[in-house]
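Just below is one structure, and these are the notes that go with it.
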Amino acid sequence: MYLEHFGLSEFPFSLTPDTGFFFPYGHYQDALNTLLVALKSGEGFIKVTGEVGTGKTLLCRKLLNTLGEGFHTAYIPNPALTPSALNLALADELGLVLARNIGQHRTLKEISKCLIELSAAEKKVVLCIDEAQAMPAETLEALRLLTNLETEKRKLLQVVLFGQPELDQYLARPSARQLRQRITFSHQLQPIDYDGVSAYVSHRLLVAGSAGTVQFQPKAMNDLYRASRGIPRLINILSHKALMACYGQGMKCVTGQHIKAAADDTEDVNSHGWGNKKKLGVVMIGISLTVLIVAAVWLGVGGNA
């Protein structure tokens, strides 16, 4: 699409959580530092919460990539599992090959044996669970019991929970007090502030190969902040659409009109009271032209397949 036009080597606002685009700004760097310190000190349970689109998965992957040789990491991206399925998923992440129908008692014994061996080799085992708010209550309890595995010196398994605010709501229940008391460190991701949004956009453009070939007018940046509410996922969506509109007009400077057209085309922005619903004709024509170009390229590729 617009890569050659703007002199970019890759799309700067992709929704894929690419750690190469991690933005070490404010509470994001604070969160990463908190996690690293807590894990290196051997804490059992750590929790990171944030609204949808605030970058929890990217932070999780950045953490996994940052931990050094003294750690053995395990990652479960979809925790909507039964307790037995959780144990099997952990066993798989630990590299265990278990016989079919081995049973839960034997599974736990094999996990415990593996954790003890890793501890003896001076390896700390860290289990990161994304979307933890989707984990059933009985599975969270099974996870808590797993963290009972310990030596006289330290925990054999450390757990980092990444989840939406619904996770905090669950942990506030009296029935969850045992798990809540195990959480020694927690961090809440907040939307990016105005100055941060400008730095975020510049950072992603720089990583994507921009050498000053893409510009956002001050009005565009102001509208981007207002429309996105500082939520990284929305910043990416709106910036990508604005660049498409800019490209469709043959321009290289993103204006407020481009951002407003992108916002009008984004449902989540409209549902939170974005006030300007006017369809800015010339900009929307630019978007339409871009969509037609993309469709033509896609059809051409498909026809030659």
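The values are calculated or read from the model by the stated rules, or taken from the named source; none is laboratory data. Since we're looking at a predicted model, the values are computed, not measured. Cβ atoms come from the backbone with ideal geometry, glycine included; neighbour counts cover every protein chain shown.
The residues of region 228-247 that are out of contact with any Cys (no Cβ under 8 Å at 6 or more places or on another chain), surrounded by 24 or more Cβ atoms within 10 Å (Cβ to Cβ) and farther than 20 Å from LEU58 by Cα, listed by number, are ALA242, LEU243, ALA245. Figure legend. Inter-residue proximity from region 117-130: first residues of a type outside the set (Phe, Trp, Tyr), second residues assigned to a helix (DSSP H, G or I), beta-carbon distance below 6 Å, spacing 6+ or different chains. Indicated pairs: VAL125/LEU115; VAL125/LEU118; VAL126/LEU39; CYS128/CYS60; ASP130/THR57; ASP130/CYS60. Between LEU96, LEU86, the distinction of being touching a residue at least 24 places away in the same chain (Cβ under 8 Å) and touching a helix residue (DSSP H, G or I) at 6+ places or on another chain (Cβ under 8 Å) belongs to LEU86 only. Against the list (1) modelled with pLDDT of 95 or more; (2) touching a helix residue (DSSP H, G or I) at 6+ places or on another chain (Cβ under 7 Å); (3) among the charged types (D, E, K, R), the condition LYS56 fails is (2). The set of residues in region 122-145 being in a helix (DSSP H, G or I) and either surrounded by 16 or more Cβ atoms within 10 Å (Cβ to Cβ) or in contact with a Leu (Cβ under 8 Å, 6 or more places away or on another chain) (or both) consists of ALA132, GLN133, ALA134, THR139, LEU140, GLU141, ALA142, LEU143, ARG144. None of LEU224, LEU167, LEU206 is without any contact (Cβ under 8 Å) to a residue 40 or more places away in the chain, assigned to a helix (DSSP H, G or I), touching a Leu at 6+ places or on another chain (Cβ under 7 Å) and of a type in the set (A, V, I, L, M) except LEU224. Tell me yes or no: at least one residue of region 274-291 is at pLDDT below 60, of a type in the set (A, V, I, L, M, F, W, C) and within 29 Å of GLN164 (Cβ to Cβ). Taking every residue of region 274-291 in turn, at least one turns out to be at pLDDT below 60, of a type in the set (A, V, I, L, M, F, W, C) and within 29 Å of GLN164 (Cβ to Cβ). Mind listing whichever residues of region 41-75 are over 27 Å from ILE192 (Cα atoms) and in contact (Cβ under 8 Å) with a residue 24 or more places away in the chain? Listed by number, the residues that qualify are GLY42, GLU43, GLY44, GLY70, PHE71, HIS72, THR73, ALA74.
Any residue at all in region 161-179 that's over 19 Å from the mean Cα position of the chain (by Cα), under 26 Å from ALA31 (Cβ atoms) and among the aromatic types (Phe, Trp, Tyr)? Looking for residues that are over 19 Å from the mean Cα position of the chain (by Cα), under 26 Å from ALA31 (Cβ atoms) and among the aromatic types (Phe, Trp, Tyr), one finds at least one in region 161-179, hence yes.
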